[in-house]
Amino acid sequence: MPALLTPDSGLLFWMALSFIVMFVILAKYGFPVITKMVDDRKRYIDESLLKAREANEKLANIRQESEQIIREAREQQAKILREASETSQQIIKDAKAQAQIEGSKMLSNAKEQINAEKDLAMREIKSQVVALSTDIAKKVLQKDLDEQSKQLDYIDTLLDNLNK
């Protein structure tokens, strides 16, 4: 059992020699490959981080641009709504003015038509009154002037009235 705890010098020599040979082989062929792989991995990670930062910056720029576009779209929308409101109010105002003009024209036309119809009715009534008066006078005079002497007296009265 003491041999396990205290190694023999020959064993130590061969172990040291194999360690050195293995170390030299690894140093010549293994370590450069391992360090190259580590460097490649480090370079890949660095590039990935750089690309991630660039992507984040682009994303931030895109967000700012999209917010700007949204803000401009909202401003444009508000402007269009304002213009539409103003246009609708102007159209309503113009329509009211046009309606008032048309209404006053219709009212004046109706008044003219009523006056014309009134004048026509008055003329018709006057002509009917004259016709009725003439008919009545004719009948009265025919009845009163049946005799020759009454006719001559009536003619004299009319002539006297004309001279006066």
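The values are calculated or read from the model by the stated rules, or taken from the named source; none is laboratory data. Predicted, not measured: the structure shown is a model, and the values here were computed from it. Please note: Cβ atoms are built from the backbone with ideal geometry, for glycine as well, and neighbour counts cover all protein chains shown. Calculation scope for accessible area: heavy atoms of the full protein, side chains included, ligands and nucleic acids excluded. Shrake-Rupley method; radii C 1.70, N 1.55, O 1.52, S 1.80 Å.
Just a yes or no: is a residue in segment 36-59 open to solvent by less than 90 Å² (accessible area, probe 1.4 Å), small (Gly, Ala, Ser), farther than 30 Å from Tyr154 by Cβ and at pLDDT below 95?
no
Does segment 3-26 hold any residues that are at pLDDT below 90, assigned to a helix (DSSP H, G or I) and open to solvent by less than 70 Å² (accessible area, probe 1.4 Å), and which are they?
Within segment 3-26, just Gly10 meets the criteria.
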